[in-house]
Amino acid sequence: MQPIARSLVLLLCLVSTATTLISQEVAQDTVTRSAPIFYDVRGNKVEFNPQMPPLNQVAGAPKAFYTYYWEFGDGDFSFKEKPKHTYKKDGDYTARLWSTNNYDNGKPPKSRPETIKIDAHDNDQASTDTGFSEESEPSVFPEGKHLVIKTNRDPLPNEELVLITSYKNTKDYVTNGSLYLYYNDTKFKDDNFILDDTRMHHGETIAPSIPDFATVADIDASRYFIANSYSQPFIDAGVQQDSTKRTNLPATLEESEELYRNHQRIEFRNMQPGEERHIFRTLKTTPEMLKDTSAIVTLRTIYVPDNNYQNHTVKDTELEIVTSHDPNKMSSNGTILNYRLVRFKRVKFKVKFQNNGEGPANTIRLEVDTPDMFDKSTLQVSDMYPKCRICPKDREVNYSCLDTIIEKNKLIFTFKKIYLPGTAQKNVVDRDSTKGFVKYSMKFGDNFHKQKTKSRTAIFFDKNEPIITNYSTTRFMPGISIGAKAGYIFTPSRDNSKEYFAGATISPFKSYRGYLQAELFLSAGSFDELKNFETSDINGVGIEELVRFSEKNEENNITAYAVPISYRYNLNNFLAVGAGVQLQLDLQNKVETITEGEAFLNIPDEGVIRNETNDTYQKTECTHTFTNFNSGVFVGVNAGGVRIGPSVGLRYVFNFKEPTSQLQAYAIWKF
């Protein structure tokens, strides 16, 4: 029995251990992940090293990975995983890390800021820091640029992102200037961002909103800039750049106030020639942020290099809203469109991709599903990366180019003979170098309907299996269509009925199929009612006195009709059916009654003779207001321009009180 007892004890221990491990694993899944910051200080030089939690791989996606964004607390930053940084002055600095989980289920891990104490003068390692090789960050400013905007990640509801504003003094003198940030597009109902924190390191100050402008005597017109674009097939040279230089600052601020609900203004001073500075803002994304994975929101930055002049740079930064962090995605600015205004406007699209392979990609093919409602002949490619020419259609070439093929329901963009490094490729440090994109636009076709569209892209890297992006959607705001309606109402149960009406309808503008409609109209109507009856009485001498009456009622009404709700369905462009509820109330009911009586005597053995002396005549008038309420239901049909323009219709109404039946014939023009 002793060996059996030992086996039972061992089994219970194993079960207990397994239960503990499982409970710990479950508990870890429900706790927010953390990525603590570790660092090594050597004098004024610091080496940072994060401890990252395991990634939860998204099934079927490329291999999950982290991207990193560091702030060192002195105005510098880095996107490296393990950066090395040299502090120029002694002091206490707050280092921060934001890490983003790509192709990973769950929220990004949190990192607690760390205080770095630099006291190089009292530290022997300040001059003997052997083994420390600093990896300098390249300048963020391309040739000729003085304003650069970066973010650490795409916006995702209920997450925060960091906006890095880098600005440079390209003047040959010390300047004092301004920086504006505009956010929360007015075209969206709810706010997408909350400005949570602004970190400045060069004496900048947050100033009152908008300054009062006096007349500027001197405008530096020589610095006015017009963007250029080389001309190629499918390239739209007139596409508005995301960064422009302007000279009328009040006009720009007025325009920005109309486009955005919120803004912040920052003043800077004593900026030396050639000096580069960075401002960091934490933007919290709201729960109300559009959850459409293809929606694009914008941030506008205005840089005034010198407050003595109105010259300024405007940069609009487009951010694609995501539901997960995936570098391969499709987006569009057509998430909310005004159907009345889009016929001659262009809808912009962007397809982004990243090579996550172990080697470079030489051919990248993007197969984009494209709905029929777009006119593909209006395709214009506005930008791309890797930068290359458009491939000619008549011959093969031996240089890098972008080939564009238009099919019935598809656009195919193919990067040929290019070099895009892979994230797993040896010696590739900069992940941005592994990313590419195509930006293009199209117009709608001649006969496009008001319906939601969905597009997505299959991305082929060389001969590998495709990566399928999210759906990019276009949808239209309901809009308002006002209709003028007039017609005739026939009531079969009434004699000599005449009723004419006029009014208005309200419905969504040019709906594709089913929609709701409300109506209100007034009518002026009249009808006659004739009654014949008689009375008789036998007098004391046995003669019957007869009175034959003729009663004529003439009724005149002013009636209000309301259709609080009806459902209409367009069978096609020219025929529609509908049904709904109708209410009616006589605002004024005027009844005129004329009663005429002809008297007769019925004398035995002589017959009936006239007795004009006893004839009667009576006329009465009666007026009522707000009376004769009635309700009913109806069905009807329309023919003509059922979505917009003129049409005619016929409607049958069944009322719950007399008169129970009505027929309405009408014409309507919807605007």
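The values are calculated or read from the model by the stated rules, or taken from the named source; none is laboratory data. Model, not experiment: these values are computed from the prediction. Every residue, glycine as well, gets a Cβ built from its backbone with ideal geometry; the counts of neighbours run over all protein chains shown.
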Quiz prompt | Selected residue (only one of A424, A502, A518, A484 is among the aliphatic types (A, V, I, L, M) and loosely packed, with under 14 Cβ neighbours inside 10 Å) | solution = A502
Quiz item: Taking into account only those residues within the stretch 436-454 that are buried (at least 18 other Cβ atoms within 10 Å of the Cβ) and at pLDDT 90 or above, which is farthest from E81 (Cα to Cα)?
Solution: F444
Quiz item: Of all the residues that make up the stretch 177-201, how many are surrounded by fewer than 16 Cβ atoms within 10 Å (Cβ to Cβ), farther than 25 Å from G73 by Cβ and in contact with a strand residue (DSSP E or B) (Cβ under 6 Å, 6 or more places away or on another chain)?
Solution: 2
Quiz item: Hey, which of the strands (runs of 3 or more DSSP E) in the stretch 294-339, taking only ones fully inside, have at least 3 residues that are surrounded by 19 or more Cβ atoms within 10 Å (Cβ to Cβ) and among the aromatic types (F, W, Y)?
Solution: none
Exercise. Go through the stretch 183-207 and give me each residue that's at pLDDT below 95 and of a type in the set (K, R).
Key: K187, K189
Quiz item: Which residues, counting only those in the stretch 80-108, are among the β-branched types (V, I, T) and either under 19 Å from T285 (Cβ atoms) or buried (at least 19 other Cβ atoms within 10 Å of the Cβ) (or both)?
Solution: T100
Quiz item: Looking at this structure, is D316 at pLDDT below 95 and farther than 19 Å from V162 by Cβ?
Solution: no
Self-check item: Any hit, the stretch 540-553, residues being exposed (fewer than 15 other Cβ atoms within 10 Å of the Cβ), touching a strand residue (DSSP E or B) at 6+ places or on another chain (Cβ under 8 Å) and among the acidic types (D, E)
Solution: yes
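Looking at I364, I390, I418, I412, which one is in contact with an Asp or Glu (Cβ under 9 Å, 6 or more places away or on another chain), of a type in the set (A, V, I, L, M, F, W, C) and either assigned by TED's automatic domain parsing to the domain that holds K63 or farther than 30 Å from N447 by Cβ (or both)?
It is I364.
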Quiz item: From the set of residues in the stretch 300-353 that are more than 29 Å from E367 (Cβ to Cβ) and among the hydroxyl-bearing types (S, T, Y), which is nearest to the chain's Cα centre (by Cα)?
Solution: T301
Quiz item: If you go through the stretch 534-551, how many residues are under 9 Å from L601 (Cβ atoms) and among the charged types (D, E, K, R)?
Solution: 2
Practice problem: Test each condition in (1) modelled with pLDDT of 90 or more; (2) within 27 Å of the chain's Cα centre (by Cα); (3) in a strand (DSSP E or B) for T473 and report the one that comes out false. | Solution: (1)
Quiz item: So which residues in the stretch 475-510 are in the same structural domain as Q584 (by TED's automatic domain parsing), closer than 30 Å to L341 by Cα and of a type in the set (F, W, Y)?
Solution: F509
